[in-house]
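Notes for the one structure printed next.
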Amino acid sequence: MIYIYQRRLCRYQAYYSLDYALTAENERALLDAAMPEDMQEQKERRQKLQKAFRTLTPSQQRRIYKRYFLCMSYVEISQSEGCTISAVCNSIHRSLKKLKKNYDL
């Protein structure tokens with residue numbers, strides 16, 4: 001649950017509620033609420049995703065990392081790599097298709 005919140009926070013760069021502070025106590029409560037089965041399932045999904053991620057080329061890995069982990073726009077990625085915006089868009093699109101295919105195996 002905390003990962004979903006952090007991903008949305010990264011994507012939209014804003015907190016959803018001004019009256020709810022995400023403090024260490026609140027984070028601990030969310031983490032303690034997770035069941036051991038859920039944690040094992042998350043671990044298995046993470047390993048499966050890492051395995052699928054390793055099937056990508058280094059440039060695809062780099063672009064996916066910049067787009068979804070560093071929250072960079074297509075324009076920023078293209079400027080940092082010195083290529084066109086369409087090349088970045090196509091590369092990320094193909095990468096996501098390949099990830100989905102390899103993740104489902």
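So that you can scan it fast, the table gives a plain yes or no per residue for (1) at negative phi; (2) surrounded by 11 or more Cβ atoms within 10 Å (Cβ to Cβ); (3) β-branched (Val, Ile, Thr); (4) not in a helix (DSSP H, G or I):
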{"residue": "Leu49", "(1), (2), (3), (4)": "yes, yes, no, no"}
{"residue": "Ala52", "(1), (2), (3), (4)": "yes, yes, no, no"}
{"residue": "Arg62", "(1), (2), (3), (4)": "yes, yes, no, no"}
{"residue": "Tyr68", "(1), (2), (3), (4)": "yes, yes, no, no"}
{"residue": "Met72", "(1), (2), (3), (4)": "yes, yes, no, yes"}
{"residue": "Val75", "(1), (2), (3), (4)": "yes, no, yes, no"}
{"residue": "Ala87", "(1), (2), (3), (4)": "yes, yes, no, no"}
Exercise. Scan (1) assigned to a loop (DSSP other than H, G, I, E, B); (2) modelled with pLDDT of 60 or more for the single condition Leu18 breaks and write down its number.
Key: (2)
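The values are calculated or read from the model by the stated rules, or taken from the named source; none is laboratory data. No experiment lies behind these values; they were computed from the predicted model shown. Every residue, glycine among them, receives a Cβ derived from its backbone with ideal geometry; neighbour counts consider all protein chains shown.
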